[in-house]
Amino acid sequence: MTRPRITCHMVTSLDGRLHPERWSDPAEGTIDDLIGRHYDTTAERLEADGWIVGRKTMAAYVPEIEALALLDEPQPREPHVTERKGRQLAIALDPSGRLGFESGELEGEQVIAILSERVSDATLDRLRAAGVAYVFAGGDGRDLEAALETIAERFAATRLILEGGGVTNGAFLAAGLIDETSTLICPAIDGLAGIAAIYDHPGETGSHPAGGQHLRLSACEVLDGGVVWLRHEIVRK
Ligand SMILES: NC(=O)c1ccc[n+]([C@@H]2O[C@H](COP(=O)([O-])OP(=O)(O)OC[C@H]3O[C@@H](n4cnc5c(N)ncnc54)[C@H](OP(=O)(O)O)[C@@H]3O)[C@@H](O)[C@H]2O)c1
C-alpha cells in the first residue's frame, strides 16, 4: 500500500519556536499580519489534497469534549468514509475522540478523524451521526502510517500538508513519514529557554528523531515583509 506524500508546512521564529503569539514583532508591521499574508498562500502553492494537524492544534477550530473511556482492548474496526465531493481534507489526530466535531465539514473542507481502535462504539456513533469520516491508527492510535495508507486508498489523497503542532510533527519525523519540509522563517525571535520547537518529539535524551534523514534545499524565496520560505527534500539513507 502507498501513503500520501507529506510536506510539513510551518511558520517559525529565527530560533525555531512554535508559538507566534510569543515572538517579537518585525521592525515594520506585526507578526500576525505577516503570518496572515503568507501562511495560507504558500500552503496553496504546495497543491495538496488537504492538511493534517494534532488534536491540540485542531482544538482552535473545534470544541474539546470529555472523551469516553477507551476500551481495554482494540476492536476490529472499519473506517467510515464520506463522499469527498472534490473538497480539501481537514484531518486531525484524535486517538481518544476528544474533539467534539458537530459537522463533517470544516470551513468547506471534509473532516477526517484519526482514531485508536480502542475508542468506544458510542464515540463512533457520535461521529457518524455528525457526518464525520474516520480512520484508525492501530490499537493505540499511534500507527500513523496505517492511517495514512487508509486515507490514500479510501479518500484518493496523494499529497497532504502536515501543519503541526510540534508534537505531531515530531511524531511524523520520528516515524520517517515526512518527505518535504516547507518552513516560513519570520523576522522574529522567541528567545525563552524551554519553549516548544516546530519539531518537538518527547524522546529519551540521546535519541535522534531525525536520525538517518537528511535535508536537501530545494527552494528559497524571500517574501514580502522579510519572511524567508525554505523548502527541503528529506532524503533517507
Ligand atoms: N508555528 C506554527 O506554524 C504552528 C502550526 C500549528 C500549531 N501551532 C501551535 O502549536 C500548538 C499545539 O501544538 P502541540 O505540539 O502542543 O500539540 P499538537 O501537535 O497540535 O497536538 C498534540 C496531540 O495530538 C495527538 N497526537 C500527537 N502525536 C500523535 C501520534 N503519534 N499518534 C496519535 N496522536 C497523536 C495527541 O492527542 P491526545 O492528547 O488526545 O492523545 C497529542 O496530545 C498550539 O499552540 C498551536 O497554536 C503552531
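The values are calculated or read from the model by the stated rules, or taken from the named source; none is laboratory data. Quick caveat: nothing in here was measured; it's all calculated off a predicted structure. All Cβ positions, even for glycine, are placed from backbone atoms using ideal geometry, and neighbour counts span all protein chains on display.
Restricting attention to the range 5-33, the residues that are in a helix (DSSP H, G or I) and either within 12 Å of the ligand (Cβ to nearest atom) or aromatic (Phe, Trp, Tyr) (or both) total 4. If you go through the range 57-68 and pick out every residue that is modelled with pLDDT of 95 or more and either surrounded by fewer than 17 Cβ atoms within 10 Å (Cβ to Cβ) or more than 8 Å from the ligand (Cβ to nearest atom) (or both), you end up with 7.
So GLY176 fits all but one of (1) surrounded by 19 or more Cβ atoms within 10 Å (Cβ to Cβ); (2) more than 14 Å from the chain's Cα centre (by Cα); (3) not in a helix (DSSP H, G or I); what number is the exception? In the conditions (1) surrounded by 19 or more Cβ atoms within 10 Å (Cβ to Cβ); (2) more than 14 Å from the chain's Cα centre (by Cα); (3) not in a helix (DSSP H, G or I), GLY176 misses (1) alone. The C-beta contact set for the range 67-88 (first residue closer than 16 Å to LEU127 by Cβ, second residue loosely packed, with under 15 Cβ neighbours inside 10 Å and at pLDDT 95 or above, distance under 7 angstrom, 6+ apart or interchain) comprises LEU68/ALA122; HIS80/ARG128. Taken over the range 83-101, the criterion of being at pLDDT below 95 and either surrounded by fewer than 14 Cβ atoms within 10 Å (Cβ to Cβ) or of a type in the set (S, T, N, Q) (or both) is satisfied by GLU83, LYS85, GLY86. In this structure, does ALA129 turn out to be within 13 Å of PRO79 (Cα to Cα) and either among the β-branched types (Val, Ile, Thr) or out of contact with any Phe, Trp or Tyr (no Cβ under 7 Å at 6 or more places or on another chain) (or both)? No: the conditions fail for ALA129. Is it the case that the range 109-116 has a residue that's away from the ligand (no atom under 11 Å from the Cβ), under 17 Å from HIS80 (Cβ atoms) and over 16 Å from the mean Cα position of the chain (by Cα)? There is no residue in the range 109-116 that is away from the ligand (no atom under 11 Å from the Cβ), under 17 Å from HIS80 (Cβ atoms) and over 16 Å from the mean Cα position of the chain (by Cα). Scan the range 218-225 and tell me whether some residue there is more than 15 Å from the ligand (Cβ to nearest atom), under 17 Å from THR2 (Cα atoms), not small (Gly, Ala, Ser) and not in a helix (DSSP H, G or I). No, every residue in the range 218-225 fails to be more than 15 Å from the ligand (Cβ to nearest atom), under 17 Å from THR2 (Cα atoms), not small (Gly, Ala, Ser) and not in a helix (DSSP H, G or I). Annotation: ILE189 fulfils all but one of (1) within 30 Å of LEU223 (Cβ to Cβ); (2) within 16 Å of the ligand (Cβ to nearest atom); (3) surrounded by 19 or more Cβ atoms within 10 Å (Cβ to Cβ); the unmet one is (3). Just one of the listed residues (ARG154, ARG126) is free of Cβ contacts under 8 Å to residues at least 60 places away in the same chain, basic (Lys, Arg) and out of contact with any His (no Cβ under 7 Å at 6 or more places or on another chain), and it is ARG126.
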